[in-house]
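*Asks:* Shown below is the structure under consideration.
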Amino acid sequence: MKNIKIAIDGHSSCGKSTLAKQIAKHFGFTYIDTGAMYRTIALFAMRNSMITPDGTPDENRLKEKIGDISVTFLKDGHAALNGEDVENEIRTLEVSNTVSKIAALKFVRQEMVTLQRKMAEDTSVIMDGRDIGTVVFPDAELKIFVTADDEVRAQRRFNELTSKGEQVTFDEVLKNVRERDLLDTTREESPLRKADDAILLDNSFMTREEQFEVAKNFVDRTMQE
Ligand code: DC
């Protein structure tokens with residue numbers, strides 16, 4: 001069977017990674033969470049005081065250091081920064097509040113896209129992010145654009161964060177979801193948009209299982225083509 005590439009793009013907190021992981025497990029594909037890669041760079045910048053109090057990244061210092069940052073995935077799928085497992089740290093609201101500004105930087109995107117294409121060599125992959133179907137793999141065999149109502153997404157994210165013990169309010173989370181939508185869709189570099197040939201999947205009123213069934217059918221069909 002020939003290797004295939006599946007691109008899953010869409011808004012923040014709409015369950016893209018849950019879906020991508022389910023598909024990867026079912027079909028035995030490699031799963032790559034590109035948001036985790038941008039989050040890891042954001043964490044590096046935060047740890048090295050490269051973010052001003054108003055949230056602006058120090059582009060020059062980050063540009064100098066970017067070649068020294070290693071972003072990898074460990075065997076269990078956790079993101080690693082220079083070999084250190086940072087999976088929990090990159091999921092905090094603090095990182096979520098910073099990452100969109102890091103992901104908007106051209107040199108950061110160039111580094112990450114190169115790395116993403118390398119990670120997908122010689123294997124079937126399912127990759128989730130914002131620009132996979134439009135920039136990273138415009139020739140992907142299957143593209144799915146996932147979305148859901150922003151209040152539904154905020155509620156899901158709020159439940160996830162509070163279940164991990166984070167002290168956040170629903171309104172804070174909703175604000176973060178809306179801000180990220182705005183930044184992701186209006187930035188100059190690779191803004192979030194549905195590729196013309198992507199299938200739209202709105203999961204506002206779907207369970208994870210229902211969503212998986214729908215997407216599994218798309219993948220089955222793609223593999224028969
Ligand atoms: O999917 P996520 O919420 O973990 O993504 C974190 C941030 O990174 C989000 O602001 C969008 C950005 N991102 C991006 O610009 N391009 C990608 N391919 C993946 C994520």
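*Asks:* For region 60-111, which positions are more than 16 Å from the ligand (Cβ to nearest atom) and either farther than 28 Å from K21 by Cβ or basic (K, R) (or both)?
*Replies:* Listed by number, the residues that qualify are N60, R61, K63, E64, K65, G67, D68, K75.
*Asks:* Could you please give the count of residues in region 164-202 that are in contact with a Pro (Cβ under 8 Å, 6 or more places away or on another chain) and modelled with pLDDT under 95?
*Replies:* Of the residues in that region, 2 qualify.
*Asks:* When only residues in region 57-95 that are part of a helix (DSSP H, G or I) and in contact with a Leu (Cβ under 7 Å, 6 or more places away or on another chain) count, which is most open to solvent (accessible area, probe 1.4 Å)?
*Replies:* E59
*Asks:* Go through region 145-190 and report how many residues are touching a strand residue (DSSP E or B) at 6+ places or on another chain (Cβ under 9 Å) and within 16 Å of the ligand (Cβ to nearest atom).
*Replies:* Selection size over region 145-190: 5.
*Asks:* What about V168, is it in contact (Cβ under 8 Å) with a residue 24 or more places away in the chain and over 16 Å from the mean Cα position of the chain (by Cα)?
*Replies:* Taking the combined requirement at face value, the residue satisfies it.
*Asks:* Residues that are in a helix (DSSP H, G or I), out of contact with any strand residue (DSSP E or B) (no Cβ under 7 Å at 6 or more places or on another chain), surrounded by 15 or more Cβ atoms within 10 Å (Cβ to Cβ) and modelled with pLDDT of 95 or more: does region 212-220 have at least one?
*Replies:* Yes, the conditions are met somewhere in region 212-220.
*Asks:* Further question on the same structure: In region 118-161, how many residues are without any contact (Cβ under 8 Å) to a residue 60 or more places away in the chain and within 15 Å of the chain's Cα centre (by Cα)?
*Replies:* Count: 1.
*Asks:* Identify all residues within region 112-141 that are within 8 Å of the ligand (Cβ to nearest atom) and among the acidic types (D, E); write none if there are none.
*Replies:* If the condition is that a residue be within 8 Å of the ligand (Cβ to nearest atom) and among the acidic types (D, E), then D128, D131 are the ones that fit.
*Asks:* Additional query: Yes or no: region 16-35 includes at least one residue that is surrounded by fewer than 13 Cβ atoms within 10 Å (Cβ to Cβ), basic (K, R) and within 21 Å of F212 (Cβ to Cβ).
*Replies:* The answer is yes, given that some residue of region 16-35 is surrounded by fewer than 13 Cβ atoms within 10 Å (Cβ to Cβ), basic (K, R) and within 21 Å of F212 (Cβ to Cβ).
The values are calculated or read from the model by the stated rules, or taken from the named source; none is laboratory data. Computed from a prediction, not measured in an experiment: that's the story for all the values here. Positions of Cβ are generated from backbone atoms using ideal geometry, with glycine treated the same way; all protein chains shown enter the neighbour counts. Side chains are part of the model used for accessible areas, which takes the heavy atoms of the whole protein and leaves out ligands, DNA and RNA. Shrake-Rupley method; radii C 1.70, N 1.55, O 1.52, S 1.80 Å.
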